[in-house]
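> Just passing along the structure, written as structure tokens.
What follows draws every value from the coordinates through simple rules; no lab data is involved. Being a predicted model, the structure only gives us computed values, none of them experimental. Cβ placement follows ideal geometry from the backbone for every residue including glycine, while neighbour counts extend to all protein chains displayed.
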Amino acid sequence: MVVPAQADNWPSWRGPHNDGTCDEKGLPLNWSATENVAWKADLPDRGNSTPVVWGDKVFVTQAVEKDGWRTLMCLDKKTGRKLWQEGTTYTETETTHGTNPYCSASPATDGERVVVSFASAGVFCFDMQGKELWHRDLGKVHHIWGNGASPVLANGLCYLNFGPGEQSSLVALDPKTGATVWKHDEPRREVKGSPDFYGSWSDPLPRMIDGKAQLLMNWPFRVCAMDAKSGAELWTCEGLNQLVYTSPLLSEGIVVGMGGYSGMDLAVKTGGKGDVTKTHGLWQHPKTPQRIASGAVHEGYIYILNDPGLAQCIDLKTGETVWQERLKGPGPTGQNWSSVVISEGRCYAVNQGGDAFVFKASPKFELLAINSMNEKVIGSIAVSGGQLFIRGYEHLFCIGKK
């Protein structure tokens, strides 16, 4: 049985619109590790993924490192009680960074099934009760920093950026069977320096543009649009660097791609064919702050909390930095990998020191709250039913009224 779509579902890492924005109102402004907490559930190990929510269920990926177990956990949304935990055991060597444990990719659900990427251990699909429906072995993922791209369900397909590493592909799978519908292998370019300093951890952004279902994608060195049904490339724009962690943004017919490792960013108008760098490019910055988390757009401005803890407001059309502010809390670090979520003109993000910031999505900076979780947090905030779901290294928190 398919659960009807609801406005308060958070079906994927970036939410109902796949871009960090949501339509909910009245989200909590103030909380702590103990105050305004509806519940918190113990987790068996650390993790970087973001929870997703559908109906009365919360899903979160979870590795149990000592056992080589890669799993999907399902919890009751009202109480935090664990309903089930299913997955697979994978004991072969898979490289990753010490700050990026396995199962860092978030789940995706359509209310009938939940799809998760366990990287080299495979892509798995479960029904809402935890029964495995199918799994696929897409090959090995090999990168010194590991993987983190999450599945995206849209247009009747499941999209996944499978990589990075020697093999880096965007695949479209049939969500009912796991069969490959199409596959795009991204060519690797020659670069100076370490060959490991290369790759895309970006998720594709599905959008209807000019009446056609398209995917917008950030690859090393470029942003592109692809036909969502066939995988055919429609246009490409040069101007990113070789390391890309963020997912693309789209607003007012403008696509924004942001590179990482103090790299480049760009904006390009939709449309055109082939290489549109010169004809459709709007702006490009040759050097930016370190960007791992993705930003979000509200009323003509981009908002992002960069890895050094530097919040920025950037004019969508011109690329001008309207303001930038260092966000500091009482936690041990201001380093940030959490992507911005925007609701009712408020930006929400939580840094690795466990300090959750709420600031206005406005061309005039205003910090509204600092809420300390007293726990390391890598993932982003999920929103559902007026509550916030925040995954720490020890607990999954539900913030807001019971």
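> Local charge sum around Arg291 (other residues, Cβ-Cβ under 12 Å, Lys/Arg +1, Asp/Glu -1)?
-1
> Over what distance in Å are the Cα centres of the stretch 262-286 and the stretch 333-402 separated?
The stretch 262-286 and the stretch 333-402 have Cα centres separated by 31 Å.
> Residue farthest toward the positive end of the dipole of the chain, with Cβ of Lys/Arg at +1 and Asp/Glu at -1: which of Leu160, Ala38, Val53?
Ala38
> Obtain the radius of gyration and the Kirkwood radius of the chain from its C-alpha atoms and give Rg over Rh.
Working: Rg = 19.4 Å, Rh = 20.8 Å.
When Rh is taken as the Kirkwood radius, the ratio is 0.93.
> How much length, in nm to one decimal, is gained on full extension between Glu112 and Asn155, taken as 0.36 nm per residue of separation minus their Cα-Cα distance? Kindly include the intermediate steps, with their values, before the conclusion.
Working: separation 43, 0.36 × 43 = 15.48 nm, distance 1.49 nm.
My answer for the length gained is 14.0 nm.
> Let me ask something additional. Per residue of the stretch 385-397, in order, report the coupling 6.51 cos²θ - 1.76 cosθ + 1.60 (Karplus, θ = phi - 60°) as ³J(HN,Hα) in whole Hz, putting x for Gly and Pro.
So the Karplus estimates, Gly and Pro as x, are x, x, 10, 10, 10, 10, 9, x, 7, 10, 9, 9, 9 Hz.
> Tell me what the chain gives for mean residue ellipticity at 222 nm when only DSSP H runs of n ≥ 4 count, each as -39,500 (n - 2.57), the sum divided by the residue total, rounded to 500 deg cm²/dmol. It would help to have the intermediate numbers written out before the result.
On the way: 1 runs with 4 residues, N = 402.
Rounded to the nearest 500, it is 0 deg cm²/dmol.
> Roughly speaking, what is the stretch gain from Glu344 to Glu299, that is 0.36 nm per residue apart minus the C-alpha to C-alpha distance, in nm to one decimal? Please report the intermediate quantities before stating the final value.
Numbers: separation 45, 0.36 × 45 = 16.20 nm, distance 1.12 nm.
Gain in length upon complete extension: 15.1 nm.
> Among all the lysines, which ones have a C-alpha under 25 Å from Lys317's C-alpha, if same-chain residues fewer than 8 places away are not counted?
Candidates past the 8-residue exclusion: Lys212, Lys269, Lys273, Lys278, Lys287, Lys360, Lys364.
> Now, a different point. If we count every other residue with Cβ under 12 angstrom of Pro206's Cβ, Lys/Arg +1 and Asp/Glu -1, where does the sum land? Intermediate results must be reported in sequence, preceding the final value.
Working: positive: Arg14, Arg207, Lys212, Lys229; negative: Asp19, Asp203, Asp227.
Taking every other residue near Pro206 into account, the sum is +1.
> Still on this structure: Using a Gaussian network model on the chain with a 10 Å cutoff between Cα atoms, which of Val377, Val37, Val152 fluctuates the most?
Highest fluctuation among the options: Val37.
> Kindly put His280, His17 in sequence by how many other C-beta atoms sit within 10 Å of each C-beta, fewest to most. Spell out each step's value before the answer.
Values: His280 18, His17 15.
With the fewest neighbours first, His280, His17 line up as His17, His280.
> Does the stretch 265-402 come out rounded, prolate or oblate, given a ≥ b ≥ c as the square roots of the eigenvalues of its C-alpha gyration tensor, rounded meaning a/c under 1.5 and, failing that, prolate meaning a/b above b/c?
Details: a/c = 2.05, a/b = 1.89, b/c = 1.09.
Since a/c reaches 1.5 and a/b is larger than b/c, the shape of the stretch 265-402 is classed as prolate.
> Going by how many other beta carbons lie within 10 Å of each one, how would you line up Asp174, Asp307, Asp45, fewest first? Don't skip to the end; give the middle numbers.
On the way: Asp174 13, Asp307 20, Asp45 17.
Ranked by crowding around the Cβ, least crowded first: Asp174, Asp45, Asp307.
> Just want the ordering: Trp219, Trp145, from fewest to most Cβ atoms lying within 10 Å of their own Cβ. Walk me through the numbers before you get to the answer.
Details: Trp219 23, Trp145 18.
Result, fewest neighbours first: Trp145, Trp219.
> A follow-up question, please. Using R₀ = 30 Å, calculate the FRET efficiency as 1/(1 + (r/R₀)^6) where r is the Cβ-Cβ separation of Ser194 and Lys273; round to 0.05.
Working: r = 35 Å, r/R0 = 1.17.
Efficiency at R0 = 30 Å is approximately 0.30.
> Continuing with this model, one more query. In whole Hz, with x marking every Gly and Pro, tabulate ³J(HN,Hα) for the stretch 8-16 from phi via Karplus 6.51 cos²θ - 1.76 cosθ + 1.60, θ = phi - 60°.
9, 7, 10, x, 8, 3, 9, x, x
> Then there's this: Among Ala232, Thr246, Tyr198, which residue has its Cα furthest toward the positive end of the charge dipole of the stretch 157-255, with +1 on Lys/Arg Cβ and -1 on Asp/Glu Cβ?
Toward the positive end, the furthest listed residue is Ala232.
> Pulled fully out, how much extra length does the chain show between Arg81 and Thr177, if you take 0.36 nm times their separation in residues and subtract their Cα-Cα distance? Walk me through the numbers on the way to the answer.
Numbers: separation 96, 0.36 × 96 = 34.56 nm, distance 3.00 nm.
Full-extension gain reported as 31.6 nm.
> Using the charge dipole of the stretch 266-398 (Lys, Arg: +1 at Cβ; Asp, Glu: -1 at Cβ; taken about the Cα centre), state which of Gln290, Thr318, Gly334 has its Cα farthest towards the positive end.
Value computed over the given set: Thr318.
> Related question: Dipole size in debye (nearest 20) for the chain around its Cα centre, Lys and Arg Cβ +1, Asp and Glu Cβ -1?
Numbers: 39 positive and 43 negative charges, 67 e Å.
Result for the chain is approximately 320 debye, rounded to the nearest 20.
> Need one number: nm distance between label points at Thr91 and Asn374, each 7 Å from Cα along Cα→Cβ, rounded to one decimal.
3.9 nm
> Right, something else. Is there a quick way to get the dipole size of the stretch 12-63? I mean about its Cα centre, with the Cβ of Lys and Arg at +1 and of Asp and Glu at -1; what is the value in debye to the nearest 20? Walk me through the numbers on the way to the answer.
On the way: 5 positive and 7 negative charges, 14 e Å.
That gives a dipole near 60 debye.
> Could you give me the ³J(HN,Hα) list for the stretch 256-262, computed from phi with Karplus coefficients 6.51, -1.76, 1.60 and θ = phi - 60°, whole Hz, x at Gly and Pro?
10, x, 10, x, x, 6, 6
> A follow-up question, please. For a test of understanding, tell me how many lysine pairs in the stretch 1-127 have Cα atoms under 22 Å apart, given they are 8 or more places apart or on different chains.
Counting lysine pairs in the stretch 1-127 gives 11.
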